[in-house]
1. How many residues does the range 87-120 hold that are surrounded by fewer than 17 Cβ atoms within 10 Å (Cβ to Cβ) and within 18 Å of G198 (Cβ to Cβ)?
2. Checking the conditions here, which among Y84, Y123 is over 21 Å from G198 (Cα atoms), open to solvent by less than 20 Å² (accessible area, probe 1.4 Å) and of a type outside the set (G, A, S)?
3. When the range 43-79 is examined, which residues are found to be in a strand (DSSP E or B) and buried (at least 19 other Cβ atoms within 10 Å of the Cβ)?
4. Working only within the range 147-189, note down all residues that are touching a residue at least 40 places away in the same chain (Cβ under 8 Å), closer than 19 Å to R76 by Cβ and of a type in the set (A, V, I, L, M, F, W, C).
5. Of the residues that make up the range 166-178, is at least one open to solvent by less than 10 Å² (accessible area, probe 1.4 Å) and under 13 Å from the mean Cα position of the chain (by Cα)?
6. How many of the residues making up the range 180-203 are loosely packed, with under 10 Cβ neighbours inside 10 Å and of a type in the set (A, V, I, L, M, F, W, C)?
7. Answer yes or no as to whether G31 is open to solvent by less than 80 Å² (accessible area, probe 1.4 Å), assigned to a helix (DSSP H, G or I) and either among the charged types (D, E, K, R) or modelled with pLDDT of 95 or more (or both).
8. Could you tell me whether A188 is touching a helix residue (DSSP H, G or I) at 6+ places or on another chain (Cβ under 8 Å), among the small types (G, A, S) and assigned to a loop (DSSP other than H, G, I, E, B)?
Amino acid sequence: MKQLIKIIVVALLVITVSAFSSKKEKGYGIGDIATDFKLENIDGKMVSLKDFKEAKGFIVVFTCNTCPYAVAYEDRVEALNKKYAKQGYPVIAIMPNNTDVKPGDKMSAMQERAKEKGFTFPYIIDEGQKVYPQYGATKTPHVYILQKTDKGNEVKYIGAIDDNYQDAAAVKEKYAEKAVDALLEGKAINIKETKAIGCSIKV
């Protein structure tokens, strides 16, 4: 009897932990409405999606200073903003890491990196790490393309920027670009989800 009770208790613990883990990691799916946020930008101002009155949607990129994958994509993220911000889809870059674990991702370092690279997009910090779990982001970089609808900011694409982080010249599939192009043309997105390749978000 004691053995049976022990087995039941262990089973309940496993189920509870699994449920908690899946809930924590789930985040948004395609078609979900993303909740707005209010996070500090490198210029000291607070940034929300609602601030962009003329935007048709957003290219939300979870990224950082310290991950080699994120660094490899910096120029491509900048290129996305330069190409699509004027068409209504600005880049919003969010730094999600715990800065106690990664001091190189502190606000001062973000400001320095943005100045060095000449970022033209908001680079905001997820202070308290409350936003990235809502999205379900797990990597840097991790992309979420949103489209403004009557219901709110609808998630239309989740995943990688393209299919080759090592060499921009060797990219064959520009997932993020194709997704935004489809939205601008009023067409269906062919590839709505891909696997994000990058460093794990530090908690």
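The values are calculated or read from the model by the stated rules, or taken from the named source; none is laboratory data. Please read these numbers as outputs of a predicted model, since none were measured by experiment. Every residue, glycine as well, gets a Cβ built from its backbone with ideal geometry; the counts of neighbours run over all protein chains shown. Accessible surface areas use protein heavy atoms only, side chains included; no ligands, DNA or RNA. Shrake-Rupley method; radii C 1.70, N 1.55, O 1.52, S 1.80 Å.
1. 4
2. None of the other options fit; the residue is Y84.
3. Scanning the range 43-79 gives V47, G57, F58, I59, V60, V61, F62.
4. I158, I161, A168, A176, V180, L183, L184 - these are the residues of the range 147-189 that are touching a residue at least 40 places away in the same chain (Cβ under 8 Å), closer than 19 Å to R76 by Cβ and of a type in the set (A, V, I, L, M, F, W, C).
5. Checking the range 166-178: at least one residue is open to solvent by less than 10 Å² (accessible area, probe 1.4 Å) and under 13 Å from the mean Cα position of the chain (by Cα).
6. The total comes to 1.
7. So G31 fails the test.
8. Yes: the conditions hold for A188.
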